[in-house]
Amino acid sequence: MRKTVYSILSLAVILSLAISTVSCGGKKSENKADGDKLEGRISISGAFALYPLAVKWAEEFQKLHPDVKIEVDGGGAGKGMTDVLAEQVDIAMVSREVSPEEQQKGAVGFPSAKDAVVPTINQNNPFYAELVKHGIDKQTATDLWIDGKIKTWGQLLGTQDQTKIALFTRSDACGAAETFANWLGKHQEDLLGEGVNGDPGIATAITKNELSIGFNNIGYAYDNNTLKPLDGIRVLPVDGNGNGKIDPDEDFYASKDLITKAIAEGRYPSPPARDLYLVTKGVPTDPVVIAFLKYVLTDGQKLNAPVGYIEISQDKLDKALAKLKK
């Protein structure tokens, strides 16, 4: 009887170890390529800025390869980078440049799309007409978000009005805030304002407060179907040449297609225009992940414009594809 009990216990231990091995290391090993047939799973997390396009890429890729399942989650660029370096996901969505420190930890970036971060205000702001006429230049934005010199709408517009500005920034580690801060020569941690989590969160905060100002990725300032500004939110034009007014060649904020065209032509400053990246830990060896990245860098680029993004230059795409071939 004792021998039988020991045998049963030994078998249970062996089965337990076998199950643990599959559950801990099975995700990537299950992925395979059999001739032209791909089978497996890909997990993606990260930047809100890239999320809508990544979802579209995933949908279209899965139509081509029905045995591949792709999970896409937001959470911000910081979360995506942390996840991929910890090997919790296969791919991170990162809405900023990959830092040297991250590269040293194994992060490999593949530029996949381009968009921009824009200053946003409430459409019912009592100073709206003057704001869109004069816009905001780099120095004014610095005085507002970095130095804290500007605290009222009168100070921003050069009048005596004492109405206080409700200033917002992002509370989560994200590419949008880092890119916006880079425009001002600083980093995200240097930005002043009430911290709000996520792109959807800051857009909601702007729509609820007529006296607010913040910044959003263009995907959260415009409706992706109508291409018009979202209800309750408007983009505050950027006075790129600092002449105190929005010139005709700077007036391209009425619709998403107009601003994306301006970004593509370099008429909107960069930063806060920026490349968006898909990031892996090391050059991927998983055939399914490689196939998906190749799709994004080739045929997938055709989806960028319809979803409201800009294609990456062919030179950058060729360099990215060369990394995969290595």
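The values are calculated or read from the model by the stated rules, or taken from the named source; none is laboratory data. All of these numbers come straight from a predicted model, not from anything done at the bench. Cβ: placed from backbone, ideal geometry, glycine included. Neighbour counts: every protein chain shown. Note: areas computed on protein heavy atoms with side chains; ligands, DNA, RNA excluded. Shrake-Rupley method; radii C 1.70, N 1.55, O 1.52, S 1.80 Å.
Annotations
- Taking amide H atoms as placed 1.01 Å from N in the peptide plane, the amide H of D73 lies under 5 Å from those of I44, S45, G46, each 5 or more residues away in sequence or on another chain.
- Shown here: volume of the Cα convex hull per residue in Å³, derived from the displayed model; of the candidates [x] 129; [y] 173; [z] 143, it corresponds to [y].
- The chain, accessible surface, carbon-and-sulfur percent (1.4 angstrom probe): 52
- Scanning residues 5 or more positions from A273 or on other chains, those with amide H under 5 Å from its amide H are V117, with H placed 1.01 Å from N in the peptide plane.
- Positive-pole candidate from L297, A107, T169, dipole of the chain, charges at beta carbon: A107
- Taking the centroid of alpha carbons for each part, segment 105-157 and segment 234-312 are 17 Å apart.
- The calculated 222 nm mean residue ellipticity attributable to helices in the chain amounts to -12000 deg cm²/dmol, summing -39500 (n - 2.57) over DSSP H runs of n ≥ 4 and dividing by all residues.
- 1.4 Å probe accessible area per residue over the chain, in Å²: 48
- Listed residue (G242, Y277, L184) projecting farthest to the positive dipole end of segment 180-326, Cβ model: Y277
- Other-chain or far-sequence residues with amide H under 5 Å of R41's (modelled H): N31, K69
- Cα gyration tensor category, rounded, prolate or oblate, for segment 229-326 with a/c compared to 1.5: prolate
- Using Cβ point charges alone (K and R +1, D and E -1), the dipole size of the chain about the Cα centre works out to roughly 1000 debye.
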